[in-house]
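What follows is a short report on a single structure.
The values are calculated or read from the model by the stated rules, or taken from the named source; none is laboratory data. Just so we're clear, the structure is a prediction, and the values are computed from it rather than from any experiment. Positions of Cβ are generated from backbone atoms using ideal geometry, with glycine treated the same way; all protein chains shown enter the neighbour counts. Calculation scope for accessible area: heavy atoms of the full protein, side chains included, ligands and nucleic acids excluded. Shrake-Rupley method; radii C 1.70, N 1.55, O 1.52, S 1.80 Å.
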Amino acid sequence: MKETKPAWYAVGMFGTSLPINLFRTFGMTFYVQQMGLPLTQWAFIVFVYTFIDALDNPLYGYASDRTRTRWGRRRPWIIPGAVISALFLIAFFHPPQALSAAALMPFAMVTFIFTGTFDAFVGTSYGALFPDLFRSAQSRATTNMYRQIFQFIAMAIGIAVTPVIAEQIGYGNTALIYGIVGAVVIIISNLNCHERLEEIQAMEKPKFLPALLAIVKNPRFWIAGMTGAFYTSAIALLMASMMFFAYYALGLDATQTMIVFATVLVVAMLSVPLWTVFIKKYGVVLVWKTALIGVGLAFVPLIFVNSLVTAVLACVFFGFAYSGVVCTFDLIGAKIVDDDRVRSGGIRREGIFASMSSFLGRLHGLMVALGLLLASLIFGYVSGDEPGDRPAEAARFMVAVFPVCMMVISIIISRFLHLPESQEDK
């Protein structure tokens with residue numbers, strides 16, 4: 001079998017991250033702030049999508065695990081999915097000019113749902129490749145380090161630089177560029193990933209209900225998954241609201257906003273090698289729990305920052321802690337998958353695990369929808385056309401206050417995760 005080089009797999013993270021970070025971070029800004037869609041309608045879109053995502057994720061993982069082709073299990077899903085996802089991303093940021101105000105919300109909902117679901121379509125199979133292609137603790141740590149660096153590079157472009165790019169060429173053209181680049185990178189990455197074809201053909205196909213029941217009965221899956229769901233809620237609301245926060249609470253222009261975003265991401269990227277050292281020395285579970293506490297604490301200063309300088313200082317701490325969680329979450333998941341394979345007698349069902357983990361993580365949509373709804377009800381923010389009398393307070397609530405509550409729950413749940421000593425490779 002031809003071995004997969006860590007860098008080829010890892011660069012796929014750039015392809016998956018670039019377009020989806022544009023979608024998650026600036027979708028709300030585009031529709032609510034620029035197009036005038038009411039915040040409550042956007043919250044409803046996020047709410048509805050969460051339930052659709054809950055249904056499709058397990059099916060994607062199950063189908064991926066059972067696929068048997070001469071190209072492997074994952075490629076028939078990743079390559080077509082990358083193209084379709086890019087097309088819907090482009091459509092999402094290109095509402096027809098003749099679209100009426102009443103039709104804007106249905107258009108946003110349909111394109112939002114399909115962009116999100118095809119991102120899951122790709123992400124499930126891409127994530128399932130990780131524990132399968134790299135099976136030793138050393139190779140996983142190395143590959144994950146490369147992968148997170150590529151992710152942070154993508155986030156630096158997709159989040160930090162986007163306000164400046166979009167100011168010059170608009171969100172529509174930005175989505176066109178990001179969508180094409182992302183799809184091309186994913187395809188090239190996957191063409192250079194080599195599954196164990198002989199092993200795949202010989203392995204037993206997992207059955208849906210037994211696999212689902214095994215996951216549902218696995219307490220480690222629930223602990224890690226619910227920890228991730230509340231953590232992701234905090235991060236997702238922060239990302240979606242950061243442009244509002246920069247504009248209303250800090251009064252920053254596009255360039256200054258880029259500096260704030262860039263501070264988080266540059267610090268996070270530079271911190272990856274250090275967190276990798278911590279993981280090897282202290283074990284992934286301890287580092288994961290510690291990093292979650294760090295992120296929870298890092299949200300608190302955002303409640304009080306009032307200038308570019310104080311925002312940058314707060315983002316240095318946030319970027320360091322955030323890097324630690326990003327570097328450990330997939331390693332936690334890989335260990336739980338390993339444990340499941342032992343318990344099942346060797347049946348490999350990485351796709352179902354990846355999809356179910358994604359399903360729990362994507363429950364953050366419920367919490368994000370709740371946070372947006374509360375911000376609108378409490379502070380009177382409707383849209384960019386009707387910001388109300390307290391838009392700065394609404395922005396602080398969405399960026400920091402509500403996320404702190406989510407992080408407290410995430411940290412408490414994480415304390416209950418314990419892995420067998422044999423799996424705690426240091």
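As an equivalent ellipsoid, region 16-69 spans semi-axes of 30, 15, 6 angstrom, where each value is the square root of five times an eigenvalue of the C-alpha gyration tensor, largest first.
Too long at a 24 Å Cα-Cα cut-off: which of Lys5/Lys217; Lys2/Lys281; Lys280/Lys335?
Lys5/Lys217; Lys2/Lys281, as the Cα separations exceed 24 Å there.
From helices alone, the chain scores -26000 deg cm²/dmol at 222 nm; the rule is -39500 (n - 2.57) for each run of n ≥ 4 DSSP H residues, then divide by the residue total.
Ranked by the mean number of other Cβ atoms within 10 Å of their residues, highest first, the peptides 103-111, 365-373, 243-251 fall in the order 365-373, 243-251, 103-111. Here the Kirkwood formula puts the hydrodynamic radius of region 207-264 at 14.3 Å, using every distinct Cα pair.
How big is D for region 1-106, in µm² s⁻¹ as a whole number, if Stokes-Einstein is applied with the Kirkwood radius of its Cα pairs at 25 °C and 0.890 mPa s? Translational D for this selection: 148 µm²/s. Based only on Cα atoms, what Rg/Rh ratio does region 226-343 have, Rh being taken as Kirkwood's radius? Rg/Rh: 1.05. Taking label points 7 Å from Cα along the Cα-to-Cβ direction, Asn192 and Glu167 give a separation of 3.5 nm.
Between beta-carbons, use under 12 Å as the cut-off and find the net charge around Phe329, counting Lys and Arg +1, Asp and Glu -1.
Around Phe329, the charge tally is +2.
Placing R0 at 41 angstrom, the Cβ-Cβ distance between Thr255 and Leu59 gives a FRET efficiency of 0.40 after rounding to 0.05. log₁₀ I(q)/I(0) of region 45-190 at q = 0.10, 0.11, 0.15, 0.16 Å⁻¹, via Debye over equal Cα point scatterers, no solvent, to two decimals? For the requested q values the scattering log ratios are -0.42, -0.51, -0.91, -1.02.
Along its principal axes, region 45-119 has C-alpha extents of 48, 23, 10 angstrom, given from the largest down.
For the chain, which semi-axes, largest first and in whole Å, follow from the square roots of 5 times the eigenvalues of its Cα gyration tensor?
Here the semi-axes work out to 34, 24, 20 Å.
Ranked by the mean number of other Cβ atoms within 10 Å of their residues, highest first, the peptides 235-242, 3-10 come out as 235-242, 3-10. The percentage of C-alpha pairs in region 139-264 whose separation is greater than 18 Å is 72%.
Solvent-accessible area per residue for the chain at a 1.4 Å probe radius, Å²? Display every interim value, and only then the final one.
Values: 16650 Å² over 426 residues.
Per residue, the chain has an accessible area of 39 Å².
With both labels modelled 7 Å from their Cα along Cα-to-Cβ, the Phe51 to Ile177 distance reads 3.9 nm. Computed from label points 7 Å out along Cα-Cβ, the spacing between Gln97 and Lys2 is 4.8 nm. Our summary gives the chain a relative contact order of 31 percent, counting only alpha carbon pairs under 8 angstrom and 6 or more residues apart.
Evaluating 6.51 cos²θ - 1.76 cosθ + 1.60 at θ = phi - 60° for every residue in region 14-25, the Karplus couplings come out as 5, x, 6, 7, 4, x, 6, 6, 4, 4, 6, 7 Hz, glycine and proline recorded as x.
Full extension of the segment from Phe416 to Val184, taken as 0.36 nm per residue of separation minus the current Cα-Cα distance, would add 79.4 nm. For Lys207, the aspartates and glutamates whose Cα falls under 19 Å of its own Cα, not counting residues fewer than eight places away in the same chain, are Asp56, Asp65, Asp132, Glu199, Asp338, Asp339, Asp340, Glu350. Over region 118-181, the reciprocal of the mean inverse Cα-Cα separation, the Kirkwood hydrodynamic radius, stands at 13.8 Å.
When each of the peptides 189-199, 147-157, 69-79 is scored by how many other beta carbons lie within 10 Å of its residues on average, the order from highest to lowest is 147-157, 69-79, 189-199. For region 1-126, relative contact order (Cα pairs under 8 Å, six or more residues apart, normalised by length) works out to 34 percent.
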